Amino acid sequence: MTQTAGQSMWGGRFSEATDAFVAEFTASVNFDKRMAHQDIQGSIAHATMLGECGIITPDESRQIVDGLNAVKGEIERGEFVWSVALEDVHMNIEARLTALIGDVGKKLHTGRSRNDQVATDIRLWLRDETDKILALIAKLQAGLLDLAANHTRTIMPGFTHLQTAQPVSFAHHVMAWFEMLSRDYDRLVDARRRVNQMPLGSAALAGTTYPIDRTITAKLLGFEGICQNSLDAVSDRDFAIEFTAAASILMMHLSRMSEELILWMSAQFGFIHIPDRFCTGSSIMPQKKNPDVPELVRGKAARVFGQLNTLLSLMKNQPLAYNKDNQEDKEPLFDCVDTLSGSLIAFADMLPNITPNSENMRAATLKGYATATDLADYLVKKGLPFRDAHEVVGSAVALAVQKGVDLSDLSLAELQGFSALIGDDVFECLTLEGSLNARNHIGGTAPQAVEAAIERGRVRVQGY
């Protein structure tokens, strides 16, 4: 079965109807209709500009704007009937507008093409979604600050190579997550500037012969700038790729956090408790409590990475200007936004409600000779070259391993057997609290330093 060429809004040149399968295959309305609000927003601005520039009459401009608002109302109320035969969100809305207000509706498309129209819609949509994502990051960061504020003196092992390295506070670790998210926030703010450039007015690829004023449209739509080359404007999808790249880094950070949460929740670590509402059980093992939310976010990171590769691959062989390939830009971008938003919502609810097991964390810190570096620093301050101090402490650790005790459990005489520089004040630096307190500088893990970092973080989030 075929449709007639006259059913479309571009069929004048065609003598043969489009095959029904091809019409279905090439249609995008099933997914691009989610940009309906932005499409109407852009069309209202375009019609307003046409009226102000005298390209259409003021009365025609008002009729078109009123009609578009009526279409918007139908969509919001769920009354709008979408048609695959009309291909996409743009044609569906324009056809309904013409049905409502008559031939005046056909003047809306004066001076523009679907090429610059869709490019504008995507930018408007992504700008709105970026703002929502930035708000979600800020919410998650605020929750992390509250969590950290309660645990500046909760000691846990800091790891390198997943081996106990040095004592840190749980708050210090949480604030490392905060810093990751701060960079993500900045990246998205910076990317938003390049999203917020207006392609409308570029028409199909070469601009338009009508005396349009693009500055009017840009101001009405809140764009920061206007795309300077019509060929580039209609075919550019860098902004979508850049957003997806920033989203991939953000999801990578959430995945790293997830990995730590999953490890920490295991019986082998027992560092944290995740509330039951974020976990599930096993269909066969009644004792199980599985960290499904972190596991799923870890998995969804791969999905976002895949969408980045999809967009890069989509664009890599395209000549200027617009090609039908670009219809394939929306679904990966939509999925990236949906996946990232859902992950941030889950983490913003879950992370502030995790509870550290301070006893298990402390016990684990004591098992790994975490204050060995503090003993080396102690000897250096007494005048011993660092490399010599490193060897002395290595020998002391070997004895502690042999005896199955912590460095702080060795006697003063045993420690002095490795260096005469060791005095009875050595035990101050071998305690976990002493190790933390000694690192009281910007970026350090001392409680005072972390408390200051939390306050700086609060100022930052409040300033977003």
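The values are calculated or read from the model by the stated rules, or taken from the named source; none is laboratory data. Predicted model, so just to flag it, every value in this text is computed and none were measured. Cβ sites come from the backbone with ideal geometry, for glycine too, and all protein chains shown count toward neighbours. To get the accessible areas, we keep the full protein, side chains included, count just its heavy atoms, and leave off ligands, DNA and RNA. Shrake-Rupley method; radii C 1.70, N 1.55, O 1.52, S 1.80 Å.
Points worth noting:
- The set of residues in the range 399-426 that are assigned to a helix (DSSP H, G or I) and open to solvent by 70 Å² or more (accessible area, probe 1.4 Å) comprises Val401, Gln402, Lys403, Asp409, Ala413, Gln416.
- Subset of the range 45-95 (residues that are open to solvent by 20 Å² or more (accessible area, probe 1.4 Å), under 19 Å from Asp121 (Cα atoms) and over 36 Å from the mean Cα position of the chain (by Cα)): Ala95
- Single residue of Ala389, Ala396, Ala363, Ala376 found to be outside any loop (DSSP other than H, G, I, E, B), among the aliphatic types (A, V, I, L, M) and surrounded by fewer than 19 Cβ atoms within 10 Å (Cβ to Cβ): Ala363
- A Cβ distance below 8 Å, combined with a sequence gap of six or more or placement on separate chains, defines the contacts here; from the range 375-404, residues that are on the phi > 0 side of the Ramachandran plot reach residues that are among the aliphatic types (A, V, I, L, M) in the pairs Gly383/Leu421.
- Qualifying residue in the range 265-278 (condition: on the phi > 0 side of the Ramachandran plot, assigned by the TED database to the domain that holds Met180 and open to solvent by less than 60 Å² (accessible area, probe 1.4 Å)): yes
- Flag for Asp374 being touching a helix residue (DSSP H, G or I) at 6+ places or on another chain (Cβ under 8 Å), assigned by the TED database to the domain that holds Ala233 and among the acidic types (Asp, Glu): no
- Selection of the range 335-347 for residues being open to solvent by 10 Å² or more (accessible area, probe 1.4 Å) and of a type outside the set (Ser, Thr, Tyr) yields Asp335, Asp338, Gly342, Ile345, Ala346.
- Inter-residue pairs, beta-carbon under 8 Å, first free of Cβ contacts under 8 Å to residues at least 24 places away in the same chain and in the range 204-219, second loosely packed, with under 15 Cβ neighbours inside 10 Å, 6+ apart: Ala218/Gly225
- Members of the range 283-318 found to be at pLDDT 95 or above, outside any helix (DSSP H, G or I) and open to solvent by less than 80 Å² (accessible area, probe 1.4 Å), listed by number: Gln318
- Cβ-Cβ contacts under 7 Å between residues 6 or more apart (or on different chains), taken from a first residue in the range 113-132 that is at pLDDT 95 or above to a second residue that is surrounded by fewer than 19 Cβ atoms within 10 Å (Cβ to Cβ), are listed as Ser113/Ala204; Asn115/Ala204; Asn115/Leu205; Lys132/Ser341.
- Selection of first residues in the range 72-99 that are part of a helix (DSSP H, G or I) and of second residues that are aromatic (Phe, Trp, Tyr), restricted to Cβ pairs under 8 Å at least 6 apart or on distinct chains, gives the following pairs, ordered by first then second residue: Glu74/Phe80; Asn92/Phe80; Asn92/Trp82; Arg96/Phe80.
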